[in-house]
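S.K.: Sharing a structure here in structure tokens format.
The values are calculated or read from the model by the stated rules, or taken from the named source; none is laboratory data. Note that the coordinates shown come from a computational prediction; the quantities given were computed from them, not determined experimentally. Ideal geometry is used to build each Cβ from the backbone, glycine not excepted, and the neighbour counts take in all protein chains shown.
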Amino acid sequence: MGRATIAGVQTAAIETLRVGERRKGWQRAAEPALVRAAQRGSAEAFAELFRRHWPRAHRAAWLVVHDATAAEDVAQEAFLAAVRSLERFDRGRPFGPWLHRIVVNRAIDYARARELRREVPEAVDATAPPDRDMPGDEVIAALAALPPDQRAVIVMRHLLGFTPGEIAKALGLPRGTVNSRLRRGLDGLQEVVER
């Protein structure tokens, strides 16, 4: 009996990426080698990419959507989108920023759609993914008060370490727009924190 595949990666492998065993040999592999192998359909190589990038991808999604369940869904959807688009990925570029572009764009889309529906989750799971570099509760609450576009650029710049130029490329925006959103977002954060 054959297994279903998404872009050559077995769905059974995708389902067990976070909980599955590490395959010997891929743990120490350089990222370009993992990408090449994943592009050729290696579920184990993609699983290792997933293990390496999941914590940061989930964190980025959570910082934009502020809902742990939604962040997990957004990050998983982003990984599936990455699998589907892997054959178009330029191996000359780093995988992480490409993946984070997908994650942040999906998180922004989710946050905007939720705002348009004026959706208020019945029981918001605001539990942040564990991370010692995570900002305090006051900053997290202030971030949640910002519009998704400002929240995304602040998360990418100040919590994920992207430069304004990298953010502009990742989000397909002019650099001036990124700088403007950063400024407005930081001003908004300051207002909320000073209240």
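S.K.: Only one of these is surrounded by 23 or more Cβ atoms within 10 Å (Cβ to Cβ) and either under 24 Å from residue 25 (Cβ atoms) or not assigned by TED's automatic domain parsing to the domain that holds residue 30 (or both): 61, 47. Name it.
M.R.: Answer to the check: 47.
S.K.: Here is a follow-up. Could you grab the pairs with beta carbons closer than 9 Å, sequence gap of 6+ or different chains, first residue in region 170-195 and in contact (Cβ under 8 Å) with a residue 40 or more places away in the chain, second one aromatic (Phe, Trp, Tyr) and surrounded by 12 or more Cβ atoms within 10 Å (Cβ to Cβ)?
M.R.: The qualifying pairs are 170/98; 170/162.
S.K.: Would you confirm whether or not region 108-131 contains a residue that is buried (at least 16 other Cβ atoms within 10 Å of the Cβ), at pLDDT 80 or above and either in contact with a Pro (Cβ under 8 Å, 6 or more places away or on another chain) or not assigned by TED's automatic domain parsing to the domain that holds residue 58 (or both)?
M.R.: Yes, because at least one residue in region 108-131 is buried (at least 16 other Cβ atoms within 10 Å of the Cβ), at pLDDT 80 or above and either in contact with a Pro (Cβ under 8 Å, 6 or more places away or on another chain) or not assigned by TED's automatic domain parsing to the domain that holds residue 58 (or both).
S.K.: Being more than 8 Å from the chain's Cα centre (by Cα) and among the aliphatic types (A, V, I, L, M) is the filter here; which residues of region 79-109 pass it?
M.R.: Selection gives 80, 81, 82, 83, 86, 108.
S.K.: Answer yes or no: is there a residue in region 60-80 that is modelled with pLDDT under 90 and among the acidic types (Asp, Glu).
M.R.: Yes, because at least one residue in region 60-80 is modelled with pLDDT under 90 and among the acidic types (Asp, Glu).
S.K.: Would you call residue 168 under 23 Å from residue 70 (Cβ atoms) and either modelled with pLDDT under 85 or surrounded by 14 or more Cβ atoms within 10 Å (Cβ to Cβ) (or both)?
M.R.: Answer is no for this residue.
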